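Below: one structure, written as structure tokens.
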Amino acid sequence: MKKIIATTLIVLLGNILQQQAANACTNFLVTKGASTRGSTMITYSADSHVLYGELYYWPARDYPQGSMLDVYEWDTFKYKGKIRQVAHTYSVVGNMNEHQLAIGETTYTGIESLIDTAAVIDYGSLIYITLQRAKSAREAIKVMSELVSEYGYASSGESFSISDPDEVWIFEIIGKGPGNKGAAWVARLIPDGYVSAHANQARIQTFPLATGKENSIAITSKDLRRIFDPIVECVYAYDVVDAARANKLYTGTDQEFSFSDTYNPISFSGARFCEIRVWSFFRSVNDEMDLYFNYVSGHDLTKRMPLWVKANRKISNYDMMNFMRDHLEGTAFDMRTDIGAGPFGSPYRWRPLEWKVSGDANAPEYINERATATQQTGFVFVAESRNWLPDPIGGIFWFGVDDAATTVFNPIYCGILDVPECFKVGNGDMATYSPTSAFWLFNMVANFCYSRYDLMSADALKIQKQLESKFLAETGEVDETAKKLYANDAWKAREYLTDYSVKSAQNTFNQWKKLSEYLIVKYIDGNIKREKNGNFERSSVGYPMMPLQPGYSDSWKKSVIQDTGNKLLFPTVSGH
């Protein structure tokens, strides 16, 4: 990859994205005490029908005094203005920097009249500028607060996940209206041993208020010098409540103020399309989540889920990968069990989410479920930070492109100096196919699997598990080798990790290419070739054996009969 050393930060992102769909991402957050190895982890699924899956990279760089940075809006590549550049920026790969700081996001939009279009800092710029300037989660909150205070916040409502090797925070923000510089925001530390999540619905409700006492656990943005005090567990914009009052959104007391209920009131869509993803994750690690079934179904919005829950078991990095693959299986919302699944049990529904039968203006409106794993994903990651290792080694950015269900999470160490060719920015785009692009290859396999999901996905998941199991098993040895190198020469360690990460991704690409060829041979024309000892069977004279033709399930056959009546009935002939 050509190293991106331009003086502008977000120029690169114009090639990444022209128009990202809002309200289409998922983050899961896990603290050290809830993980199997004492690492912190956050996940991110960048769901968008127009987002191209690439691995972004900025090397560390020094800048002369007085340098300025051009800021371009992430979603539209619209030029927003200039801000002061710092003397030194840290290297960033994807959404993780060389100090193991990681940031993810989900857009909740909220009260759209609060967007300040004249401001400079949009939510995408806020992520990537902060990653280049902060070493820890607390410093990231400080940087984000200072950026929007000085240059304004240009986006709609946003939830951020912020993690470092020791802590995990949730940070929610929204503008204060046109011409009102700054933003209304709250950040909360997730208690150790707990997990949290957000998926396009603001989740922070009431929060601790600063008392001015030395043992206070909450501070305002006017007191950011105290943010590095470990007793601080909540930070918020000093005028977060006043801004709501000024915009006639709230009239109650400070103590009763709920950020989410004020700036992003819960609705049927917020519960059924967004909170349901949080619920499904929580349900996997906490036994009390069935209490919120009516809430996430959208039929009782009064009993909201907590911001975080205690995990009933330790969670591994592999668990996190698989949580991102959830299709609401085993719940009342399981999409494989109704007629919409088609004859082959598909857990997918093509958009739009809301639909009605056309031709009838009074027809009722229906919905499709919105699961965590979704077909229109640009990229997905699990960011794992480990405090017992040097930073360039401790951070692993487990990265995949396209649908989380059929992707492979590749180990990308946070201290690498280059990215794999198959993930490089500029290797294809949403309108340009590239035979060396992992995004296009994974889409080819996934879209083929969608046609016969019940059988074909199993073949993809077999290779997926083999690759990920191999990567996970190698981690310990790679860590130790890198540590020995790091003790004498940190740069040599980073070169070693770069070589490993690049080769691992290329191996994934090669194996997935073989899988694509295998699938087309095995499933051509709706037939299924017979296999024996890992090879397709042939007759004694060398021709392929007659393929299997399993047909359709009985439930689908009954649906066809109900729909067609006697049209397809084979007539009974006397004596035949």
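Tell me, what ³J(HN,Hα) does each residue in the stretch 58-65 have, in order and in whole Hz, if you take phi through Karplus 6.51 cos²θ - 1.76 cosθ + 1.60 with θ = phi - 60° and put x for Gly and Pro?
With coefficients 6.51, -1.76 and 1.60, one gets 10, x, 5, 7, 9, 10, x, 4 Hz.
What percent of all Cα-Cα pairs in the stretch 134-243 falls into each 10 Å bin, going from 0 up to the bin containing the maximum distance?
Whole-percent P(r) values from 0 Å outward: 14, 50, 32, 4, 0.
Express the relative contact order of the chain as a whole percentage, based on alpha carbon pairs under 8 Å and six or more residues apart in sequence.
14
Would you mind counting up the charge near ASP116? Only other residues with Cβ under 10 Å from its Cβ, with Lys and Arg at +1 and Asp and Glu at -1. The partial results should precede the final answer.
Values: positive: LYS176, LYS181; negative: none.
Result for the local shell: +2.
Which of the peptides 112-125, 331-344 is most tightly packed, and how do the rest follow, judged by the mean count of other Cβ atoms within 10 Å per residue?
Result, highest mean Cβ count within 10 Å first: 112-125, 331-344.
With charges only on Cβ, +1 for K and R and -1 for D and E, what is the dipole size of the chain about its Cα centre, in debye, rounded to 20?
It works out to roughly 780 debye.
Alpha carbons only, please: Rg and Dmax for the stretch 413-517, in angstrom.
16.3, 53
Among THR130, THR26, THR109, rank each residue by its count of other Cβ atoms within 10 Å, from fewest to most, as a rough exposure measure.
Ordered by Cβ neighbours within 10 Å, fewest first: THR109, THR130, THR26.
From the mean inverse distance of alpha carbon pairs (Kirkwood) and the Cα radius of gyration, derive Rg over Rh for the stretch 231-299.
Reported Rg/Rh (Cα atoms, Kirkwood Rh): 1.08.
Could you state the orientation-averaged shadow area of the convex hull built on the Cα atoms of the chain, in nm² to one decimal?
For the Cα atoms of the chain, the hull's average projected area reads 33.1 nm².
Using only Cα atoms, find the angle between the long axis of helix 453-488 and the longest principal axis of the chain, and express it within 0 to 90 degrees, rounded to the nearest 10.
Between helix and principal axis, roughly 40 degrees.
Which distance in Å, rounded to a whole number, links the C-alpha centroids of the stretch 281-351 and the stretch 353-413?
With the stretch 281-351 and the stretch 353-413 each reduced to a Cα centre, they are spaced 14 Å.
Please give me the summed charge of the neighbours of ARG336: other residues whose Cβ is under 12 Å from its Cβ, Lys and Arg +1, Asp and Glu -1.
That works out to -4.
Find out how many positive minus negative residues lie around SER260, taking Lys and Arg as positive, Asp and Glu as negative, among other residues whose Cβ is under 11 Å from that of SER260.
-1
What whole-number distance in Å separates the alpha-carbon centres of the stretch 150-181 and the stretch 52-98?
For the stretch 150-181 versus the stretch 52-98, the Cα centre distance is 17 Å.
Any idea what Rg and Dmax come out to for the stretch 250-341 if you just take the C-alpha atoms, in Å?
Gyration radius and largest Cα-Cα distance of the stretch 250-341: 15.3, 50 Å.
By count of other Cβ within 10 Å, fewest leading, how are PHE281, PHE471 ordered?
By the 10 Å Cβ count, ascending: PHE471, PHE281.
With a cap of 16 neighbouring Cβ atoms within 10 Å, and only residues DSSP puts in a loop, list the chymotrypsin sites (Phe, Trp or Tyr not before Pro) found in the stretch 350-439.
TRP350, TRP388, TYR433
Rounded to the nearest 500, what is the chain's calculated 222 nm mean residue ellipticity when only DSSP H runs of at least 4 contribute -39500 (n - 2.57) each, over all residues?
That calculation yields -9000 deg cm²/dmol at 222 nm.
Could you tell me which of VAL541, VAL285, PRO306 has its Cα farthest along the dipole of the chain towards the positive end, charges placed at Cβ (Lys, Arg +1; Asp, Glu -1), taken about the Cα centre?
VAL541
Could you calculate, for the stretch 303-452, the ratio of the Cα radius of gyration to the Kirkwood radius, expressed as Rg to Rh?
1.04
Could you state the angle between the C-alpha long axis of helix 137-151 and the longest principal axis of the C-alpha atoms of the chain, as a value from 0 to 90 degrees rounded to the nearest 10?
Helix 137-151 and the main axis of the chain meet at about 70 degrees.
By DSSP, what percent of the beta bridges with both residues in the chain are antiparallel, rounded to the nearest 5?
95
Can you list, bin by bin at 5 Å, the percent of alpha carbon pairs in the stretch 485-525, starting at 0?
Reading the bins upward from 0: 6, 21, 14, 13, 11, 9, 9, 6, 5, 4, 2, 0.
For the stretch 30-89, report the % of Cα-Cα distances exceeding 12 Å. Walk me through the numbers before you get to the answer.
Details: 1421 of 1770 pairs.
Beyond 12 Å sits 80 percent of the P(r) for the stretch 30-89.
Where a number appears in this text, it was derived from the coordinates with a stated rule and is not lab data. Predicted model only: the values in this text are computed from it and were never measured. Positions of Cβ are generated from backbone atoms using ideal geometry, with glycine treated the same way; all protein chains shown enter the neighbour counts.
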